[in-house]
Every structure is written in C-alpha cells, then in structure tokens.
Amino acid sequence: MLKKLFLLLILALGFLNIKAYAAAEQKLEVAIFTAPWCGHCQRLKKEYLDDFKKQFKNEVKFVDYDISKAGTNIIFNDTMKEYGINPQKAGVPTMIIGKTVLTGYPDEIRTKGPQTVLKALANKEITYHGTKNYIAECKANELKKQEKETCQEQELSPEVSKSETLNMFNQITFWAIISAGLIDGINPCAFAVIVFFVSFLAVYKYNRKEIILVGSAYCLAVFLAYIAIGLGLFNFLYAMKSFYYVMIAFKWITIGLCALFLILSLYDFIIYQKTKDHNKIVLQLSKNNKEYIHKVMRFFLRDKQKSTFRLVCAALAVGFVVSLIEAVCTGQVYLPTIALILKEADANFIRAMAYLIIYNLMFIVPLVIILCLSVMGYESKGFNNFLKNHLGLTKLALCLLFLGLLILLLTNM
C-alpha cells in the first residue's frame, strides 16, 4: 500500500513539473536590442524598462542584447532580415514582441509596448530572434495559406512601411547635409575670405600656373582642416554617448544655439535689407579676425617662392591657419550639422562619416568655383560685388538653413 502511494506521489510530482515546464516554455519572449553609446537606449533603461519588465514578469521572458558586444550585431542583423527590415536602416533601441518590431524610445516602445505585449499574448505569437528563420518556421508548421497571408500582413507590411519612412528621413538628412555645406561655403564669413584670397593672388601678380597650384593646395588644406575639426568634435561626442546627461545637455545646448543663430540671421537679413550696410550685420568675422587672416596670407604668400614644393607648402599652411580662425564663424552651421550627423551614427557609423565628408566637400565647392573663374580671367572685384549684391539673399538662406536644422534636431530628440 505504501509503495503504491509513493509511486502515485512520484507521478503527481512529475506531472506538476512537466506542467510547470510547459508553462515556462509557453512564455512570450521579448527581445530588446540596445547599445551603450545610444542616448535613447540609456533613457529607456533609466526611465521605463524596469517597470515594463515588472508589469509582465509572470507572462514574458525578456532577452537583452547589447549590440556592441562581439557576435550580437550578427544576431541583430539576422533578426532584422527575418522581419523584413534592412539592417543598414535599422537602429536602436529596438524591441521585438511576437510579430511586431518596435524601434525608438519613447516614440514606439513606450507608446505601443504594453498593448503589443497583450496582443502577442492573446494571439500566442512567437518572437523570432537570433538566427532563426521566420519563413522556414512558417513552412515547418505547415500554416494554411490564409494564415500565411495574415502572418505576412501583420508582420511584413508595417515594417516595409516603416522602412520606407526611415528611408525618407535618411533622404531628408542627406539633402540637409548637402544644403548646409553649400550655404556655409557661401555665407559672409567664408565668402569674404575667398574673395580676399583671390584678390591677394591678383595683387601679387601670380600667374595662371601659380594660381592653380596655390589655389588647389589652399582648397585641400581647407577641406582637411575642417574634416579634422569635424572628426575631433564628432569622435569626442561619440565617445560621450554613453553618458546620458552629458549628451542631453549637448543636444539642448545645440538646439539653443541653433535657435539663437536663426534669430541673429533673421536680424541680419532685416537690418541689411533696410540699411544695405554690411558692417551692421552681427554674424560675420570680427575686424580683428579679418586682419589676422590678411596677415597670415601676406606672411606665407607675399614672396613667391621659386620652388614649387615650397609654394604648395606655404599655401597648405595658409589654408590650415585660416580655416582654424574662420571656424569661429562657420561653426555656427557646422556644430548643429555635426549634431545631426551624430544621430546617424546610431544606425550606421560609416554613413555618418560619409555625411561628414560630403558636408566638407560641399563647403569648398564655392571656393573651387571662384578659383576656377579666377584662372579663366574673372577679377576679384566682380566676386566682391556679387557678395554685396547677394548678402541679403545669403542671410535669408542661412535663416532657412537654421530653421531646417532646428526642426530636424528637435524631431530627433
């Protein structure tokens, strides 16, 4: 009798264990992809994630992935592909809940997270992450044709739409970078220096060959100097991305400066339209900086060197020094642009670097055009008149640029 009771007890315990194991196995999995350098990821963890996990701790198994760790980025890429999303256009933080992908905090994860979990639990959805293949799973389970179509409609269609939205935003950012570089290259700070440089070469009677050599070296130096400035600031800020409050402070300071420059550019536009006096505009190189730039050019290029190598070196030196001084003024556009480029690094670091290079290529386009016109025989007086005649239009373009950058920065907070 005791032996029978003992056997029944063993069977009962075994049944309860199997039932408990089955219940554990049936838990909905939620995959969370974050990165230590992502400011929005830090906000997610500090403000929301713990409470979210406690809310569903009995029904949900949470799996955290740090994409900065070796191998995890492969899991992230494979997961995105399984959900019909291009990994190159995917960002963090991302939360996978059943058939739904939520990207961005607080935009999607906070606003849609709870109801998405409840929907996935009610429909007994399976979260696919890692190296599993969603299509293979559907085929293995021999879903009916209608169920397959429903599955595809629920999962792929929203994500394709989301991918198109991200692609559209990337296009806007791309053209914003190009516009910022071009407008910065023709703003009064940079353009005045270009005009003086061309007139300087004419006054000291540089011939066509020398203008081409000196001008090319000067353009190259300006490009490299601004790339160095941009990379230095970008890499510093990128390294600080894991410091949540530092990045929040930087973003708001940048937004504040962008708003200030917008107001000052609008003021300059109105004042110039009324007075036609360029000396009354606020956003321009100071008199001391202009005089210092003139001294630098005279010091290096006043005596034309017999050696081509020495002439090129002198032009490179002028380009670097002038760029550092000029950056005090052109940084008005450069800083918010770098803040915008920094946002792109969350999704694709290489693309962010490409944007930085594109901006600086656009920045030297006006300089290259003016030098080409100089070689063709155009005088610096014409360039100077062009600057004066279109100064109001340039200021208006800067107003629109700062407004656009401000909107993009605010929508990316």
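Of all helices (runs of 4 or more DSSP H) completely enclosed by the stretch 234-344, which ones contain at least 2 residues that are touching a Gly at 6+ places or on another chain (Cβ under 8 Å)?
The qualifying helices (runs of 4 or more DSSP H) are 244-275, 308-344.
Could you tell me which residue of the stretch 376-399 is modelled with the lowest pLDDT, considering only residues that are surrounded by fewer than 17 Cβ atoms within 10 Å (Cβ to Cβ) and either among the polar types (S, T, N, Q) or touching a Lys or Arg at 6+ places or on another chain (Cβ under 6 Å) (or both)?
ASN384
Test of understanding: among LYS119, LYS57, LYS61, LYS69, which residue is out of contact with any Gly (no Cβ under 6 Å at 6 or more places or on another chain) and assigned to a helix (DSSP H, G or I)? Lay out the reasoning, then the answer.
Numbers: LYS57 fails: assigned to a helix (DSSP H, G or I); LYS61 fails: assigned to a helix (DSSP H, G or I); LYS69 fails: assigned to a helix (DSSP H, G or I).
On inspection, the qualifying residue turns out to be LYS119.
Select from the stretch 32-76 the residues that are modelled with pLDDT of 85 or more and of a type in the set (S, T, N, Q) and write down the one among them that is surrounded by the most Cβ atoms within 10 Å (Cβ to Cβ).
THR34
Of everything in the stretch 197-218, what is in a helix (DSSP H, G or I) and either surrounded by fewer than 19 Cβ atoms within 10 Å (Cβ to Cβ) or among the charged types (D, E, K, R) (or both)? Give them in sequence order.
Answer for the stretch 197-218, where residues must be in a helix (DSSP H, G or I) and either surrounded by fewer than 19 Cβ atoms within 10 Å (Cβ to Cβ) or among the charged types (D, E, K, R) (or both): SER199, PHE200, ALA202, VAL203, ARG208, LYS209, GLU210, ILE211, ILE212, LEU213, SER216.
Of the residues THR308, THR330, which single one is assigned by TED's automatic domain parsing to the domain that holds GLY232, modelled with pLDDT under 85 and either buried (at least 19 other Cβ atoms within 10 Å of the Cβ) or touching a Phe, Trp or Tyr at 6+ places or on another chain (Cβ under 6 Å) (or both)?
Within the list THR308, THR330, the selection yields THR330.
Test THR116 against the criterion of being at pLDDT 90 or above, buried (at least 17 other Cβ atoms within 10 Å of the Cβ) and out of contact with any Lys or Arg (no Cβ under 6 Å at 6 or more places or on another chain), and give yes or no. Show your work before the answer.
Working: at pLDDT 90 or above: yes; buried (at least 17 other Cβ atoms within 10 Å of the Cβ): yes; out of contact with any Lys or Arg (no Cβ under 6 Å at 6 or more places or on another chain): yes.
Judged against the criteria, THR116 is a match.
May I ask you to list the residues in the stretch 382-397 that are in contact (Cβ under 8 Å) with a residue 24 or more places away in the chain and closer than 21 Å to CYS219 by Cα?
PHE383, ASN384, LEU387
Hey, can you tell me all the residues within the stretch 342-369 that are surrounded by 17 or more Cβ atoms within 10 Å (Cβ to Cβ) and closer than 19 Å to LEU398 by Cβ?
Once the filter is applied, which keeps residues that are surrounded by 17 or more Cβ atoms within 10 Å (Cβ to Cβ) and closer than 19 Å to LEU398 by Cβ, the stretch 342-369 yields TYR359, ASN360, MET362, PHE363, ILE364, PRO366, LEU367.
Looking only at the stretch 222-263, which residues are over 27 Å from LEU361 (Cβ atoms) and either touching a strand residue (DSSP E or B) at 6+ places or on another chain (Cβ under 6 Å) or not aromatic (Phe, Trp, Tyr) (or both)?
The answer is SER242, VAL246, MET247, ILE248, ALA249, ILE253, GLY256, ALA259, LEU260, ILE263.
The values are calculated or read from the model by the stated rules, or taken from the named source; none is laboratory data. This one's a predicted model, so the numbers in the text were calculated from it and none came from an experiment. Here the Cβ is made from the backbone with ideal geometry for all residues, glycine too, and neighbour counts use every protein chain on show.
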